[in-house]
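The values are calculated or read from the model by the stated rules, or taken from the named source; none is laboratory data. Computed from a prediction, not measured in an experiment: that's the story for all the values here. Cβ: placed from backbone, ideal geometry, glycine included. Neighbour counts: every protein chain shown.
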Amino acid sequence: MNKEEILSKVKQAFVSVLDHENFQLTYETTADDVDGWESITHMMIISEVEKSFGIKFKLMDLMNMNNVGDLIKTIESEL
Amino acid sequence: MKFVNKLQESIENHAAHNVLCINNVFYTYRDFAIEISKIRSAVTNVVDDSEKLIGLVTNDDIQTYASIIALWLEGKAYVPVNPTTPKERNTKVFELTETKYVIDSSESSIYEDHTVIASAALDDTDINLKPKDVSGDQLAYILFTSGTTGLPKGVPITFDNVDALVNAIDAEPEFNLTPSDRCLQMFELTFDFSVVTYLFPLLSGSCMYTIPKGAIKYFYIFKLIKEQKLTVLTMVPSIINYLRPYFPEINAPDVRYCSFGGGALHSDIAKEWSDCLPNCKIFNYYGPTEFTVYSGFYPYHKETDQKAHNGIIAIGTPQKDTLYLVVDENNKEVAIGVTGELCLGGPQITPGYWKNEERNAISFFTREENGKPIRYYKTGDLCFKDEEGDFLYVGRADFQVKIRGYRVELAEIEFHAKSKSEKKVNMVALDITNNLGNAELGLAIESEEFDTTEIFDHMKTKMPGYMVPTHVRFVKEFPHSINGKINRKELKTYFDIQ
């Protein structure tokens, strides 16, 4: 799976949790840039991403995730 | 006012100790004393002595904490407002309390109709932590909780109330903070639970660790536990519900105390969490805002003390000077083992809701005990007392729910949802449990599908974010029970969010 495919799958997870598509996802996107992305929805997005990729994140990785780029890198390392 | 004197002593005696860690920056008690003195000096220069209620914008910085202490030293109360809550609601709070002055550490303040004390830009001054002589029936703070009529409900707490809380916790031999403790302070200062998470560390010379706004709080808490080796955790149960999938990776031997409050603690998760904290005492606290945060606790232990009802850990016994009474609809005490409404009496009880006689007549009553009148607050929580004297939680008596620890009146959400809707249709707010076991809010609308953008935009201007429903379902016809009431339980099944 290439980076674009991963990003597009991640976007689907965001849309399904946040119920809107008014955002761009790039590597630099953080919670500040996306309406509704906060502590609770973050947990739901993480769980959605885990489901759709069939992976399980480690708490140590989640703890230091600051933007979408970090998320993509962690997904890549799990695939 | 004894606790204010104790605060002075503690701040002076621990000058070189850290008081706060905010976003990886440490501040000492000396830094704290300087900020307190600067704000205090500004308050005495700017604010009329007769003005007792002062607004406080709750940013995550040393000035905001210092403002609370500065106001207390001056015998004044803080009226906190959250900077992320709609301005209209915050202004309403100031209007209800007739607050003219606002302490705000923000770079520029949006409260231009008030006299703002910009607490982050004050001149240096000599340290002065000597409290003014103030009568104990003066207010220490007013917090606003969700109200059924669309207006938030003010709960005033006096210096005597806080003194009684400090007294009760001091009398508890199982819980003693020391200057070397590192304590989690994860609460917004508009939430009453925050009072114990800043006050007890300050009284003991311990250090508090806050959660920066914008951080993913569940992971940030774990990061603090791991990297800063926190020793004292005070949390709402929803935190561990969200962390639960990662419990196998958590081992925190430094944590000595973990206190829960603000919601039902379930026994299965309490046991699993307890496995993550091998050297920790767990307390399940109970108490409403109206009774100054805590009224009592149950000391949980995964092997020896795990009393529960329907999987919810007991709330235990009342603390020093507090009385628990379980009553029926006529405010008459019920027998042991019988479920009724839990009522609380004692020195921590609020003088009554702010300018709300109607509500006060419903929520408080006085009862003669041993020839003395005792005033009780009706909590709205259903409980029973067992043979050993422990109290067990059964559920709520009304339509109030807890969302992330905050009390929410479903009626208030319905009020705001309907008030802007062009379509006059039935709307019901519901608390729905998601697959992680946490409550989320849903809005059921009795109608064909239509665009709800306007309704939601309106709700976002009227209520804090946690009160805006995250799920909407259109139902052609609401299910009803035999006696004609909307069947909320069945309505919840329309929300498939598992």
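A few points about this structure:
- Residues satisfying the stated conditions in the stretch B:201-222, i.e. closer than 14 Å to B:His14 by Cβ and out of contact with any Cys (no Cβ under 7 Å at 6 or more places or on another chain): B:Leu202, B:Leu203, B:Ser204, B:Gly205
- Count of residues meeting criterion [within 12 Å of another protein chain (Cβ to nearest Cβ) and in contact with an Asp or Glu (Cβ under 8 Å, 6 or more places away or on another chain)] in the stretch A:41-60: 5
- Residue that is farthest from A:Ile55 (Cα to Cα), among those in the stretch B:224-275 that are of a type in the set (Val, Ile, Thr) and within 14 Å of chain A (Cβ to nearest Cβ): B:Val236
- Conditions (1) within 14 Å of another protein chain (Cβ to nearest Cβ); (2) surrounded by 20 or more Cβ atoms within 10 Å (Cβ to Cβ); (3) among the charged types (D, E, K, R): number failed by B:Lys385: (1)
- Of all residues in the stretch B:189-223, exactly one satisfies the criterion of being facing chain A (nearest Cβ under 10 Å), in a loop (DSSP other than H, G, I, E, B) and farther than 16 Å from B:Asp61 by Cβ, namely B:Ile216.
- Restricting B:Phe219, B:Phe200, B:Phe260 to those that are closer than 19 Å to A:Glu38 by Cβ and in contact with a helix residue (DSSP H, G or I) (Cβ under 8 Å, 6 or more places away or on another chain) reduces the list to B:Phe219.
So that you can scan it fast, the table gives a plain yes or no per residue for (1) farther than 21 Å from B:Ile313 by Cα; (2) in a loop (DSSP other than H, G, I, E, B):
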| position | (1), (2) |
| --- | --- |
| B:Phe187 | yes, yes |
| B:Ile225 | yes, no |
| B:Leu233 | no, no |
| B:Gly262 | no, yes |
| B:Trp273 | no, no |
| B:Asn279 | no, yes |
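- Among the residues listed as B:Ile282, B:Ile240, B:Ile216, the single one being modelled with pLDDT under 95 and touching a Phe, Trp or Tyr at 6+ places or on another chain (Cβ under 8 Å): B:Ile240
- Test: residue in the stretch B:414-424 that is farther than 30 Å from B:Ala308 by Cβ and part of a strand (DSSP E or B): no
- Pairs, first within 11 Å of another protein chain (Cβ to nearest Cβ) and closer than 20 Å to B:Gly442 by Cα in the stretch A:10-36, second of a type outside the set (D, E, K, R) and not in a loop (DSSP other than H, G, I, E, B), C-beta under 6 Å, six or more apart: A:Val17/A:Thr41; A:Val17/A:Met44; A:Val17/A:Ile45; A:Gly36/A:Leu18
- Criterion violated by B:Glu409 - all others in (1) surrounded by fewer than 21 Cβ atoms within 10 Å (Cβ to Cβ); (2) touching a residue at least 40 places away in the same chain (Cβ under 8 Å); (3) touching a Phe, Trp or Tyr at 6+ places or on another chain (Cβ under 7 Å) satisfied: (1)
- The condition (being in contact with a Phe, Trp or Tyr (Cβ under 8 Å, 6 or more places away or on another chain), on the phi < 0 side of the Ramachandran plot and either outside the structural domain of B:Glu414 (by TED's automatic domain parsing) or not polar (S, T, N, Q) (or both)) is satisfied by just one residue among B:Ala140, B:Ala120: B:Ala140.
- Every condition in (1) more than 20 Å from B:Lys213 (Cβ to Cβ); (2) free of Cβ contacts under 8 Å to residues at least 60 places away in the same chain is met by B:Ile62 except one, and the failing one is (1).
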